[in-house]
1. Looking at 192, 217, which one is closer than 30 Å to residue 119 by Cα, out of contact with any helix residue (DSSP H, G or I) (no Cβ under 6 Å at 6 or more places or on another chain) and buried (at least 17 other Cβ atoms within 10 Å of the Cβ)?
2. Looking only at segment 189-220, count how many residues are in a loop (DSSP other than H, G, I, E, B) and more than 22 Å from residue 383 (Cβ to Cβ).
3. Which numbered condition trips up residue 335, out of (1) more than 30 Å from residue 198 (Cβ to Cβ); (2) in contact (Cβ under 8 Å) with a residue 12 or more places away in the chain?
4. State yes or no: is residue 342 under 18 Å from residue 139 (Cα atoms), touching a helix residue (DSSP H, G or I) at 6+ places or on another chain (Cβ under 7 Å) and surrounded by fewer than 19 Cβ atoms within 10 Å (Cβ to Cβ)?
5. How about segment 382-397: which of its residues are assigned to a helix (DSSP H, G or I) and touching a residue at least 24 places away in the same chain (Cβ under 8 Å)?
6. Given (1) closer than 20 Å to residue 153 by Cβ; (2) at pLDDT 95 or above, where does residue 351 come up short, assuming only one miss?
7. For segment 296-313, give me the residue count where each residue is farther than 11 Å from residue 254 by Cβ and either assigned to a strand (DSSP E or B) or without any contact (Cβ under 8 Å) to a residue 60 or more places away in the chain (or both).
8. How about segment 244-275: which of its residues are part of a helix (DSSP H, G or I) and farther than 22 Å from residue 306 by Cβ?
């Protein structure tokens, strides 16, 4: 290859890779006409209804058309509310949400590179971006109207501002928004609080001041949602999906991943559902009560299920790419099974390297009391792993964390390649 071309690529590798990433994602959303199904149709329909001023309404699978007079809090309003704003200004086409995903993905790629560059070096940043740009999962999910990419983008922006700007107002606002995007993020503020309090370069007074300001602005974002739910349901519930999810994954028929609770023998939920509406608060409260009771009575089975959930999330059921290939209600593109195989082929080694990073980060924290960006990644991993252990084995819970996990994987690969290179060099000099 021409020396000038090589020099150009070295100088502008970031812009070249970022441009390739954007092009691949744009091409994908135009060639794959993904039809939103299940959760993704719910997000779309709720976004449309909000944009039309109909409210945030309860609706039934598979079309989720809202029932006037029956509000919903089954999922937080963050993503459908965001879609509603986009739909209001640009129309309710599926493509509006997909193009928004590409814009978010561009931000994710930019922030991922910048964080890797700030805390490691240019080579780690290059490997990070290279992996993420060409990740089939990170490409294909742009055609899905799901909350994952928005959640990932806001999380990465929060982390970037937390470490680079260290502004509690901005971080508080963003984390508040983040918790309204996906229910699994509702305790994420604890990660930032823990990290602040274990940091060694801040006085205790400064830490309390930071957390108070952070908490105020976090509360400003979240409180309207809780107040609305108190008025609608009689209690400030964050998501009525919580009791449903914890029961589905903690009962005698639980499988370590999602299963249909309405098909369980003598399902306790059937009494709360009709063909047009379901009593989501009754299901939430009943599910939570039954799940807690079951966990107390079956601690061994709960622990076994917890490890099964982790196995499903990181190894056995890494198949969430299939949702990019839905062409209708319960209809799939013929290529879906091939891409599922490709995902398993690529991401099982990815997770093995990630686990190596986690073991390394645990060792350095215990042995040397290191508290830095690597420690923060460890806290992120521990939080989401704990949530999956209790709630559900679902690889879609892991996907939004792929950007920050890719930094960890790139860090390990860079150091492993460095050791190999040194040994080869040493051997050749003998």
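1. The conditions single out 192.
2. Going residue by residue through segment 189-220, those that are in a loop (DSSP other than H, G, I, E, B) are 199-203.
With the extra rule that they be more than 22 Å from residue 383 (Cβ to Cβ), the set shrinks to 201, 203.
Here the count works out to 2.
3. The single condition residue 335 does not satisfy is (2).
4. Values: under 18 Å from residue 139 (Cα atoms): yes; touching a helix residue (DSSP H, G or I) at 6+ places or on another chain (Cβ under 7 Å): yes; surrounded by fewer than 19 Cβ atoms within 10 Å (Cβ to Cβ): yes.
It is true that residue 342 is under 18 Å from residue 139 (Cα atoms), touching a helix residue (DSSP H, G or I) at 6+ places or on another chain (Cβ under 7 Å) and surrounded by fewer than 19 Cβ atoms within 10 Å (Cβ to Cβ).
5. Looking only at segment 382-397, we keep the residues that are assigned to a helix (DSSP H, G or I), and these are 382-390, 395-397.
Those that are assigned to a helix (DSSP H, G or I) and touching a residue at least 24 places away in the same chain (Cβ under 8 Å): 383, 384, 385, 387, 388, 389, 390, 395, 396, 397.
6. Condition not satisfied by residue 351: (1).
7. Of the residues in segment 296-313, the ones farther than 11 Å from residue 254 by Cβ are 296-297, 299-300, 303, 307, 310-313.
Filter once more, keeping what is either assigned to a strand (DSSP E or B) or without any contact (Cβ under 8 Å) to a residue 60 or more places away in the chain (or both): 296-297, 299-300, 303.
Total meeting the criteria: 5.
8. First pass over segment 244-275, keeping only residues part of a helix (DSSP H, G or I): 244-248, 261-263, 270-272.
The answer is 262, 263, 270, 271, 272.
The values are calculated or read from the model by the stated rules, or taken from the named source; none is laboratory data. It should be emphasised that the depicted structure is a prediction, and the values quoted were computed from it without experimental measurement. Note: ideal-geometry Cβ built from the backbone for every residue, glycine included; neighbour counts use all protein chains shown.
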